[in-house]
Amino acid sequence: MEVQQNDPQNESDPLEATEQTEDLVNSKLASAHDSGETVKARLMTDERVFARITDGIYRDPASALRELIANGYDADATEVRVETDFPRFSKISVRDNGRGLTKETLAHVICHIGGSLKRTKQGQNFNISSDDDPTKSKEGRPLIGKLGIGLFSVSQITHHVVIISKTKGSSKRIYCDILLMPQSEALLEKEEGQKFVTGEVEIKFVEANDIDSHGTEILLLDLRSHVKEALLSKMTWDALREKDESEKKEEEVKTEADLAIAFGDDGFEGGISIVEPLFHIGEIDVHNGVILKEAKLPWKSDANSEDKFPQLVERLSAAVDPTDRSSKGPSIQEHLDYYLRMLWVLSLSIPLPYLKKHPFEIESTDGAQIFQIDNKQKGSPAEVKLDSGQTIAAKYKFKSIQAHSLPFNVFVDGIKLTRPLQYGNFKPLDHAITNPLIFIGRAKPDLSVIPEQYRGGELEFEAYLYWTKKIVPKEHNGVLIRINGASGTLFDETFLKYQVSELTRLRQITAEIFVIKGLDAALNIDRESFNIAHPHFQILKNWLHSAMRQLMNKHKLLSGNINKTTLGERKEKTFEQLRSIVSEHVKISGETASAPKSIRYLETESATLKFEEETHSKSVIELNREKALAPILRNKAASPRDKARQMLNEEKAKTLASILTVYGIDQHLSKERFESLVSAILEVMVLEIGK
């Protein structure tokens, strides 16, 4: 580390790394604190992998903002405000009211960029972690970010970052101006143990009259052009314009257009249909900020900061797209532009309150059927009955909901974010199962059988799996893993590679796993994927797959029982209608009608029909089942639907035979001919148009 106080003679190649100590940086900062002079320093990293931070681990603006918001959360901020300089998007500000950075903490970060004091004993010495538990903040929050990564996850958004921070009781405010530099592959080839230069920084202290104020503001200046283009959905609008121009030329190239349609080509690679988002912030020229297309926002023009995001969720959930996309259900990817999607993604990834209530706050009056997942191998879920006014969390003393008691609010351009998952006060479903199903569970496996150097510490988590007729939006279909309430990933629609083919039911499930202890070490450096070989990930995956199997089996059982009951009711109603038909024909025939005879099937070939004169007056006729029902017995009924159809046709044949007796047909035919007549009419009745 090379540290300078404004000294023109102390200039050197910014890529040279001379060895300096953290104590020296501290002493320079301490001197500058009193003198007001500027300290120049170089950002250094200890580990080769972290030098790649400036080469684009975080390519998505939402990912970088997520890390900066996480740092505010870990600093015990109760509020974070993000301002994007809309619609110019020339800079982004992230401001929190957390504890702020001390000069000692800043010195450590400068000397060890990429390394984190969080979750370490050393963090307690820098006023970052709780004195009692290094995995928690000073106020007891479970830590979710990594200080070194969070501050420099923005290098693909901008190379110019300004940090302004102040601690409570301090009479000085820190201004830290950082220029990040991309690393070349040559630098990455240095020997292990050498440090890497990742940027330059100028630090100064200015007087502050607001002694009791505290917090940090991070300014991302001179946003790179591709970031502005992303925030303004430039690729989408360009594609739409190209599509419009192509459609205008259709008349001029009629033959070519006909060929394209014939071969299913819509003019875009891969056959992707580009459609204008249902909701967007408008089309804005990236270079001069001129509005080319007016915004179509999902909230009312007079909506306040707290109402806007709920209105976004409500409008998207109820979206009726005039194109054929509507059949697929609402989608944040298809129906929102990038800016609105970014709000949605941020709301899912950080510890925020749910739109209505936490799934563990569900009560008996909310209208859901609740089951507890069994952790035993091949276990089955048990139905849960809650007392009046009792919540799931209260009954099972769940920890994950209790860990975030300190209020935390996030605003983006004045829009207050909430977790866009709606639980509680469920409406009846238009489905055989009329109530949503919630499967809850938790696990704290004994890992003592795994050698300590491989087990990765303790693992503890709680979870729920929610089934409903349709998951809205469709991107919420899957499982989302939260570590201490936060997530770098979104919903995994494969449910961690669940192998059982249950396509319909899988599309009707959303799940969240709240990790209380462990798994953090399995997160890859981008915090958006996992090391699948880590034992914690493997244990969690196996647990989830067992829970999925229990949900599927219970759902099948419930559906089966309901279907049997419903089928029985429908069957009785239909059979009553058949009996009414016979009665109607008795009325039609009047005095000439014979009394209708009951029909009964006999299974054996030896069964006889007695049509002799002396038996014609009997009230029951016995038909040989095999002969009379030959048209419907040729093919074995395999599916439940086929079996129901066969059962109905058997009853129809009985009704038919009974009607024939009303008209006295049985008195004029022999046994064989009467059976043949019933069989022939039945064959005509069940004949369908061939495929």
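Determine the pairs where a residue that is part of a helix (DSSP H, G or I), located within the stretch 230-247, has a partner that is of a type in the set (A, V, I, L, M, F, W, C) with Cβ atoms under 7 Å apart, the partner being 6 or more residues away or on another chain.
Listed by first residue and then by second, the contacts come to Leu231/Phe89; Lys234/Val286; Ala239/Ile274; Leu240/Ile274; Lys243/Ile274.
For residues in the stretch 205-229 being assigned to a loop (DSSP other than H, G, I, E, B) and open to solvent by less than 20 Å² (accessible area, probe 1.4 Å), which is farthest from Lys172 (Cα to Cα)? Break it down into steps so the answer makes sense when it comes.
If we filter the stretch 205-229 for residues that are assigned to a loop (DSSP other than H, G, I, E, B), which is where we start, we get 208-214, 222-224.
Of the ones still in play, those that are also open to solvent by less than 20 Å² (accessible area, probe 1.4 Å) are 208, 223.
On the way: Ala208: 5, Leu223: 29 Å.
Only one residue tops the list, namely Leu223.
Could you tell me whether the stretch 522-532 includes any residue that is in contact with a Lys or Arg (Cβ under 9 Å, 6 or more places away or on another chain) and acidic (Asp, Glu)?
Checking the stretch 522-532: not a single residue is in contact with a Lys or Arg (Cβ under 9 Å, 6 or more places away or on another chain) and acidic (Asp, Glu).
For the stretch 16-86, list the helices (runs of 4 or more DSSP H) that sit wholly inside it and hold at least 1 residues that are crowded, with 16+ Cβ neighbours inside 10 Å and modelled with pLDDT of 70 or more; which are they?
It comes to 22-35, 61-74.
Show the residue pairs that are 6+ apart or on different chains and have beta-carbon atoms under 8 Å apart, the first residue being within the stretch 528-543 and open to solvent by 40 Å² or more (accessible area, probe 1.4 Å), the second being among the aromatic types (Phe, Trp, Tyr).
Filtered contacts from the stretch 528-543: Asn531/Phe537.
Here is a list: Leu340, Leu346, Leu292. Which entry is among the hydrophobic types (A, V, I, L, M, F, W, C), outside any loop (DSSP other than H, G, I, E, B) and over 19 Å from the mean Cα position of the chain (by Cα)?
Leu292 is the lone residue from the list that is among the hydrophobic types (A, V, I, L, M, F, W, C), outside any loop (DSSP other than H, G, I, E, B) and over 19 Å from the mean Cα position of the chain (by Cα).
Kindly provide the set of residues from the stretch 349-384 that are hydrophobic (A, V, I, L, M, F, W, C) and part of a strand (DSSP E or B), ordered by number.
Ile370, Phe371, Ala382, Val384
Given the criterion at pLDDT 85 or above and of a type outside the set (Gly, Ala, Ser), identify the matching residue among Leu578, Leu567. Step through it out loud before you land on a result.
Details: Leu567 fails: at pLDDT 85 or above.
Leu578 is the lone residue from the list that is at pLDDT 85 or above and of a type outside the set (Gly, Ala, Ser).
Could you tell me which residue of the stretch 354-396 is surrounded by the fewest Cβ atoms within 10 Å (Cβ to Cβ), considering only residues that are touching a strand residue (DSSP E or B) at 6+ places or on another chain (Cβ under 6 Å) and either acidic (Asp, Glu) or at positive phi (or both)?
Glu383
Would you pick out the residues in the stretch 341-379 that are touching a Lys or Arg at 6+ places or on another chain (Cβ under 7 Å) and of a type outside the set (A, V, I, L, M, F, W, C)?
Within the stretch 341-379, Ser347, Ser349, Pro353, Tyr354 meet the criteria.
Under the condition of being among the aliphatic types (A, V, I, L, M) and part of a loop (DSSP other than H, G, I, E, B), which residue from the stretch 656-691 is farthest from Ile632 (Cα to Cα)?
Selected residue: Leu669.
Count, please, the residues in the stretch 404-463 that happen to be out of contact with any Phe, Trp or Tyr (no Cβ under 9 Å at 6 or more places or on another chain), of a type outside the set (A, V, I, L, M) and open to solvent by less than 10 Å² (accessible area, probe 1.4 Å).
Matching residues across the stretch 404-463 total 0.
The values are calculated or read from the model by the stated rules, or taken from the named source; none is laboratory data. Just so it is clear, the structure is predicted and the values come from calculations on it, not from any experiment. Note: ideal-geometry Cβ built from the backbone for every residue, glycine included; neighbour counts use all protein chains shown. Note: accessible area is taken over every heavy atom of the protein model, side chains too, but ligands, DNA and RNA are not part of it. Shrake-Rupley method; radii C 1.70, N 1.55, O 1.52, S 1.80 Å.
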